[in-house]
Structures are given as structure tokens and as C-alpha cells.
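The structure under discussion appears below in the form of C-alpha cells.
Read-outs: derived from the displayed coordinates by stated rules, not from any lab. Remember, predicted model here, so these are calculated numbers, not experimental data. Every residue, glycine among them, receives a Cβ derived from its backbone with ideal geometry; neighbour counts consider all protein chains shown.
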Amino acid sequence: MYKIAIAGASTLVGRELKDALLESPLAAADIVLLDEEEAQGQLDQVGDEATFIQAIAADAFDHIDFTFFCGSEDLTRKHWRSALRAGSTVLDLSGALDQEAGVVVRAPWLGSEGIGSEAAGVDLFTPAVVPAHPAALALAAVLERLQQAAPVHIAFATLLEPASEFGRAALDELHQQTVNLLSFQGLPRALYDAQAAYNLLSGLGEGAKVSLAAVEARVRRHYAALSAGHWPPLALHVIHAPVFHGHTFSIAIELERPVEIAALEEALSGGHVDLVLEDTDSPSNLAATGQNDVLVRMRPELDARNASQVSRLWLWAASDNLRLQAQNAVACALDLRRLRPQGTVQ
């Protein structure tokens, strides 16, 4: 039986990860909940058992097989080497380590070409694994499926980012801004330094504690790492949307040659991508809630000379950002079990 630590257990991602672990083949593991000192003592639940969130002590990672870092980047940077020295396999969901030497970005769901595949090879000398950003994973999954129908020449994507991507503080500020606007009161701006409620933003205020540019750069890095040069170049623009949960994407695709529409529909069905055909069931951040798949609607740019073939198309897609990230992290841990001792806890 494995022993697992979730560092940042009180965060949105930490809670989603705990649920994902309990639904996975790792459900029988001994799960320890860790976090910053201010979260110490919070009552939580693992399966049917009540437990408390613990502060991260000097020996917190002793005998831990897998440590998932789900809190702030500062929390990860402060403690990840301690977990590594204790012999734990480090999985970073915070975004702190993807530019560290030797760290690998992974998405085991993807096929055999990119670095997301099992063939990418993570060994005992790999210091940490970063489960790919959920937006990069969703875009890679869709483009990988399209590649089965025809080579993609280029893809242009606009990502609508929800508040939950920035944690509980962002949810609270968006909620309070909404309430205050309706009651004609001043807006709290501690996190965004801008009006996020009822507004679409391509940039935040000068004093913002979060950054859309940083999100965009991270998604680009992770997509490039997963692609390993095998998938098409991606032009990306990140917009903050006034929603609490769920990624949505507007994607323009240009193929290298015309393809039958039926072939595209077949390619976009399966492999964690769910093609939505009915007009009444448009993909949305609400429809994607709790789903493991990326929901996609296709709108081809029809050619008057041949209505059955297209070389350009639009995709409207949606995914549950927290669930996709947690499920991918669990998939990474399951893939890494081959590097852990069998039947014992270190």
C-alpha cells in the first residue's frame, strides 16, 4: 500500500485531487493532508474517515511514496527538495517547477508521439514530474485527435480563463465584486486590481497578484513539451472570463489538405474528446463540470465547390479545468508506480 501526501490540501486543486485519488486504483493508499500553517487543524475527510490538515513539519515527507504539490508556487519551492531527499516522487500541480532542470511535463492520456506518452521515459534520476496544465492538455488532446484525419497546418486558440484557475481568493474576489456591483458599492481589487465581474479582460491591473501573461506562457511551454515538435504550432491568447469554473476555447484550425467532414467527426470522437453534435447541447463551462473529457463542437468553413470537404474549421470546446488537472495528475502517478518499490512503503 502506498502512502501519499497532498501538500496544499485545502486548495481547490488539492480537494479535487483528493477526490480523484479516491476514485482511482490508488484509493487504498494512506493519504496525508498537508498545507500552510494557517490551514493547520482544518477538519477534512478522506473517504469515510474524518481527518485534519497538518502543517508541513521537517519530517512531513518521511516514508511518503508520492507527494502532490497543489498549493502556491512558494509552497512548492520551499518544500519540494525536502520531499525529494526523503525519497518521495514529486508531482507539481502548482506551476513552480516546469522550468527546473530535468523536470518533465507529462500527460499519459496522449498518444505515443509527444513527451506526454509513456514512451517519453521518466526514470529514477528525474527530480519531479509536472502534470500538464489542463488548458495545454485539452488543446493537445483535440489537436492530436484532428491529426488522425489530416495534418494540421496551424491552430489559433483563444482560451477563456476562469477565476478558479487562480484559487479560492480569486473566486471570493469575483463573487464579492459581483455582489458589490449589484448593490452599487466599491469593488475589492486586492487580487485582480481590475473589475473582473461582468467583464472580459486581456490583462489585469498593474498591482494584480496574478498574471494572464504567466498563464499564457505556461500553457505554451506545456503544449510545446507535450508536442515535442510532432504537433502543429499553436497561436494562443488568454482572456479572463467572469466565470468561476471551467475552461472554454475558441479554436481556428487550418488543415494541410481538404478532408471529408465525416472523417473529422470520427477523429474528434474518443480519446478523452467528446464531439457534441446537437445544437441544443453546446459545450460550455457548466456542461463540462465533472466531465473527464473535453467537449467539442465543430463548425466547418464549407467550400462551395465541394461541400463535403473542408480545410478550415472552427472548434468551440470546454473542459473542467480542476478535474482535468487532477485526473491527469493521478494518471501520472499511476504511470510512475513502476519506479516505486512493490508492496512496501519506503
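Of note:
- When DSSP beta bridges are restricted to pairs lying wholly in the chain, around 50% turn out antiparallel.
- Per-residue extension of 0.36 nm, minus the Cα-Cα distance of ASP62 and ARG168, leaves a gain of 35.2 nm for this segment.
- Most to least packed among 29-37, 73-81, 246-254 [average Cβ atoms within 10 Å]: 246-254, 29-37, 73-81
- Taking the fewest neighbouring Cβ atoms within 10 Å as the starting point, the ordered list for GLU144, GLU49, GLU173 is GLU49, GLU173, GLU144.
- Computing FRET efficiency as 1/(1 + (r/R0)^6) for LEU277 and PHE156, where r is the C-beta to C-beta distance and R0 is 35 Å, gives about 0.90.
- Taking 7 Å steps out from each Cα toward its Cβ at ILE239 and ASP19 produces label points 2.8 nm apart.
- Here the spin labels are modelled as points 7 Å beyond Cα on the Cα-Cβ line, and at ILE261 and GLU206 they lie 5.2 nm apart.
- For the chain, the membrane-span-like helices by this rule, meaning whole DSSP H stretches whose C-alpha atoms cover at least 15 Å of axis and whose Kyte-Doolittle mean is 0.0 or above, are 12-22, 134-147, 212-227, 321-336; this says nothing about an actual membrane.
- For SER311, SER164, order by how many other beta-carbon atoms lie within 10 Å, fewest first: SER311, SER164
- Lys, Arg +1 and Asp, Glu -1 on Cβ, resulting dipole of segment 137-321 about Cα centre, debye, nearest 20: 460
- Listed values (i) 51, 20, 18; (ii) 34, 26, 17; (iii) 29, 26, 25, entry calculated as semi-axes √(5λ) of the Cα gyration tensor in Å: (ii)
- Simple label model, 7 Å out from Cα along Cβ direction - ARG81 to GLN176, nm: 3.6
- Projecting the Cα positions of ALA262, ALA224, THR280 onto the charge dipole of segment 220-304 (unit charges on Cβ atoms of Lys, Arg, Asp and Glu, taken about the Cα centre) puts ALA224 furthest along the positive direction.
- For LYS78, a cut-off of 20 angstrom between C-alpha atoms picks up these lysines, skipping any fewer than 8 places away in its own chain: LYS209.
- The chain: calculated mean residue ellipticity at 222 nm from DSSP helix runs of at least 4, using -39500 (n - 2.57): -8500 deg cm²/dmol
- Distance between segment 325-340 and segment 4-33 - C-alpha centres, whole angstrom: 12
- Rounded to 5, percent antiparallel among DSSP beta bridges of segment 137-321: 70
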